[in-house]
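A short worksheet on the structure shown next.
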Amino acid sequence: MKTLVVFYSRTGTTRLVADAVAQRLNADLEEVREVHPPSQFFGYLKAMLQTWFQRVPPIAEAEHDIATYDLVAFGCPVWASTMPGPARRYLERERDGITRLAGFCTHHDSGADSTFARMESVGGKKLEARAAFKEESVRSGDAEADIEAFIAKLQG
């Protein structure tokens, strides 16, 4: 099964999960990149405001043709109980080429269920598998068993 792991990550936490999933599945990896990446503190503030007000910043063109993949595993952080604008923009733009969709997210406390519901509505597909990873577990290395369980769902 030809798989593409797509992710958006501002702090690097979601990137850690995406890298692990892509490596174990021998999948291609696609990072969602903003055309004008925000700076540190004020960029974080701007990104949160964009999320709250449902504004989506421009993103760079995709490197991979999503229509050539059997499965897309899509990951992003949870911001304000939903997915960030750049992640949403990617799914809006690429949704017609997605055959099968799975989702994963990283979060501090809550918002995973609403983020997955948003992935399904924006991506136009029901998630075949989904997994939420707490940021501190990912950073400490304690999420390995959960990552393996997610991979097993994708392969199953």
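Tabulated data for the structure shown
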item: Selection within the stretch 40-70 - at pLDDT below 65 and among the polar types (S, T, N, Q); result: GLN40, GLN50, THR51
item: Number of positions in the stretch 113-156 that are assigned to a helix (DSSP H, G or I), basic (Lys, Arg) and more than 15 Å from THR82 (Cβ to Cβ); result: 2
item: Looking only at the stretch 21-39, and only at residues there that are in a loop (DSSP other than H, G, I, E, B) and modelled with pLDDT of 95 or more, the one that is surrounded by the most Cβ atoms within 10 Å (Cβ to Cβ); result: VAL32
item: Qualifying residue in the stretch 102-120 (condition: more than 13 Å from the chain's Cα centre (by Cα), buried (at least 19 other Cβ atoms within 10 Å of the Cβ) and modelled with pLDDT of 95 or more); result: no
item: All positions within the stretch 1-15 that are assigned to a helix (DSSP H, G or I) and surrounded by fewer than 21 Cβ atoms within 10 Å (Cβ to Cβ); result: ARG15
item: Identity of the residue in the stretch 55-112, outside any strand (DSSP E or B) and of a type in the set (Val, Ile, Thr), that ends up farthest from ALA149 (Cα to Cα); result: VAL56
item: Which numbered condition ALA73 misses (of (1) surrounded by 21 or more Cβ atoms within 10 Å (Cβ to Cβ); (2) more than 11 Å from the chain's Cα centre (by Cα); (3) at pLDDT 95 or above; (4) not aromatic (Phe, Trp, Tyr)); result: (2)
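The values are calculated or read from the model by the stated rules, or taken from the named source; none is laboratory data. As the structure is a prediction and not an experimental result, all values here were calculated from the model. Virtual Cβ from ideal backbone geometry, glycine too; neighbours counted across all protein chains shown.
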